[in-house]
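> One structure follows; several queries about it will come next.
The values are calculated or read from the model by the stated rules, or taken from the named source; none is laboratory data. All figures in this text were calculated on a predicted structure; none of them were measured in a lab. Glycine gets a Cβ as well: all are built from the backbone with ideal geometry, and neighbour counts include every protein chain shown. What goes into the accessible areas is simple: the full protein's heavy atoms, side chains included, and nothing from ligands, DNA or RNA. Shrake-Rupley method; radii C 1.70, N 1.55, O 1.52, S 1.80 Å.
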Amino acid sequence: MTSSPAPRPAPAPEVVHRLEATYPDAMCALHFSNAYELLVATVLSAQTTDVRVNQISPALFARYPNAAALAGADRAELEAILRPLGMFRRRADQLLGLAATLLADFGGEVPGERSALVSLPGVGRKTANVVLGNWFGAEEITVDTHVGRVSRRLGWTAQQNPLKVEADLRALLPDAPWTKLCHQLILLGREVCHSRGPDCENCPLVDICPQLI
């Protein structure tokens, strides 16, 4: 008995076109006004939501507007601001280490190179990609749960590992506007292509999604 062939992946250029039409104003959901704020907010967004980070950001950045202020923070005061996010002691450790390293190694400024960013405590490739893409203007692929899930459903990758997903996406569309496209994929995943019970009837890709053809 022969198995049926795997469905063809959704045509990438058409997906890009439709997502741009559906989400023309897609952008980073975190609130920030400079590279320092974006870096700190992205580090804090691990294991919580952007909405929750945005709720504590005004108080955090008013009290600690730069790396020097954050490095000199009173720990109890910092923990009190971070408490609504959960794991506030660990998050305080991360931010204090991040600020100290920014001061010691980069004069308090956020570097614009990946190798430098990932040398900072609490900063991995995903966080570096967010900062590079949303502040420094690089076209970077940020593979969160939504981007990974939607990309697999579109047949663009079969990988679970974010680094391998990123490599597959880059090979598929090497010149795509990836920073914005990732925000569009995230919105599609949040609003339509849910992990459970996706709203396929209202999906702009319904007729080209390999899951439905």
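> Amide H of G108 versus every other amide H placed in the peptide plane: which residues, excluding those fewer than 5 positions away on the same chain, fall under 5 Å?
The answer is L103.
> Another question about this same structure. Per-residue counts of other Cβ atoms within 10 Å, averaged by peptide: what ranking do you get for 100-107, 178-185, 42-49, highest first? Intermediate values should be presented prior to the final figure.
On the way: 100-107: 15.4, 178-185: 23.8, 42-49: 17.5.
Answer by packing, highest mean first, reads 178-185, 42-49, 100-107.
> What does the extension gain come out to for A68 and T22, with contour length at 0.36 nm per residue minus their alpha carbon separation?
So the chain would gain 12.4 nm between A68 and T22.
> Return one number: the angle in degrees, 0 to 90 and rounded to the nearest 10, between the long axis of the Cα atoms of helix 35-44 and the longest principal axis of the Cα atoms of the chain.
Here the helix axis deviates by roughly 70 degrees.
> Suppose each label sits 7 Å from its Cα in the direction of the beta carbon; what would the S115-C200 distance come out to in nanometres?
4.7 nm
> Report the gain in length on full extension from R170 to D105: 0.36 nm times residue separation, minus Cα-Cα distance, nm rounded to one decimal. Walk me through the numbers before you get to the answer.
Values: separation 65, 0.36 × 65 = 23.40 nm, distance 3.10 nm.
Gain on extension, R170 to D105, equals 20.3 nm.
> Something else about it: For region 146-188, compute the orientation-averaged projected area of the C-alpha convex hull (one quarter of its surface), in nm².
If you wrap the Cα atoms of region 146-188 in a convex hull and average its projections, you get 2.6 nm².
> What net charge is computed for the residues neighbouring R152, neighbours being all others with C-beta under 12 Å from the C-beta of R152, Lys and Arg scored +1, Asp and Glu -1?
Numbers: positive: R149, R153, K164; negative: D168.
After counting each charged neighbour, the total is +2.
> Keeping every protein chain present and rolling a 1.4 Å probe, give me the accessible area per residue for the chain in Å². Before the final figure, lay out each step's value.
On the way: 10830 Å² over 213 residues.
Using a 1.4 Å probe on heavy atoms only, each residue of the chain averages 51 Å².
> Oh, and also: Give the residues of region 61-94 whose amide nitrogen is closer than 15 Å to a point set 7 Å from the Cα of S33 in the direction of its Cβ.
Only 61-67 pass the distance filter.
> Same structure, new question: Provide the per-residue ³J(HN,Hα) series for region 51-62, in order, calculated from phi with Karplus coefficients 6.51, -1.76, 1.60 and θ = phi - 60°, each as a whole number of Hz, with x at glycine and proline positions.
4, 5, 5, 4, 5, 9, 4, x, 5, 4, 7, 5
> Turning to a different aspect of this structure: How charged is the neighbourhood of R91? Take every other residue with its Cβ under 12 Å from the Cβ of R91, and add Lys/Arg as +1 and Asp/Glu as -1.
Working: positive: R52, R75, R83, R89, R90; negative: E79, D93.
Around R91, the surrounding residues sum to +3.
> Could you work out the helix-only [θ] at 222 nm for the chain, with each DSSP H run of four or more residues adding -39,500 (n - 2.57) and the total divided by the number of residues, to the nearest 500 deg cm²/dmol?
Numbers: 11 runs with 115 residues, N = 213.
The per-residue figure over the chain is -16000 deg cm²/dmol.
> Using the Karplus curve 6.51 cos²θ - 1.76 cosθ + 1.60 with θ = phi - 60°, what ³J(HN,Hα) values do you get for each residue of region 201-213, in whole Hz, with x for Gly and Pro?
Couplings: 4, 9, 8, x, 10, 4, 8, 10, 6, x, 6, 10, 7 Hz.
> So if each residue of separation counts as 0.36 nm, and I subtract the Cα-Cα distance between A12 and L212, what length gain in nm does that give? If you can, show how the numbers build up before the last one.
Numbers: separation 200, 0.36 × 200 = 72.00 nm, distance 1.62 nm.
Full extension of this stretch gives 70.4 nm more.
> Then there is this: Dipole size in debye (nearest 20) for region 49-187 around its Cα centre, Lys and Arg Cβ +1, Asp and Glu Cβ -1? Let's see the in-between values first.
Values: 16 positive and 14 negative charges, 113 e Å.
Taking the Cα centre of region 49-187 as origin, the dipole is about 540 debye.
> Which listed residue (P58, L154, P174) has the Cα farthest towards the positive end of the charge dipole for the chain, taking +1 on Lys and Arg C-beta and -1 on Asp and Glu C-beta about the Cα centre?
L154
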